[in-house]
C-alpha cells in the first residue's frame with residue numbers, strides 16, 4: 001500500500017537520492033497529529049533525516065498497522 005505523508009519542510013525532498021534506503025522511525029508508535037521521522041541511508045554511507053506529517057485518525061492508523069480495514073475488522077471479530 002501507500003502511506004500519504006507530507007514534508008514538514010518541502011526542501012527536504014531534495015535530500016532523497018535514487019538508491020536510498022528509507023525507514024519510517026517510530027512507525028509502530030504512530031499516533032494522530034504527531035509527525036513521523038524519515039531516516040534516509042544513502043548508498044555512500046551517509047544519512048539524513050527529516051519530519052513528515054500525516055492526517056490519519058486513530059482508526060485509520062489501526063487499519064494501516066493491521067494491513068487493511070478488513071484485517072482490522074477480522075481481528076476485532078475474533079477477539
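Any read-out appearing in this document is the output of simple, stated calculations on the displayed coordinates, not a laboratory observation. The model shown is predicted, which means the values in this text are computed figures rather than measured ones. Neighbour counts are summed over all protein chains in view; Cβ atoms, including those assigned to glycine, are modelled from backbone coordinates with ideal geometry.
Over the chain, DSSP H runs of length four or greater, each weighted -39,500 (n - 2.57), average out per residue to a 222 nm ellipticity of -7000 deg cm²/dmol.
If R0 is 22 Å, the Cβ-Cβ spacing of residue 9 and residue 59 corresponds to a FRET efficiency of close to 0.15. With contacts taken as Cα pairs under 8 Å at a separation of at least 6 residues, the chain carries a relative contact order of 27 percent. I need the shape label for segment 6-78. Rule: rounded when a/c is under 1.5, else prolate if a/b > b/c, else oblate, with a, b, c from the alpha carbon gyration tensor. Cα axes put segment 6-78 in the prolate bin. The label point for residue 49 and the one for residue 28, both projected 7 Å from the Cα toward the Cβ, are 1.6 nm apart.
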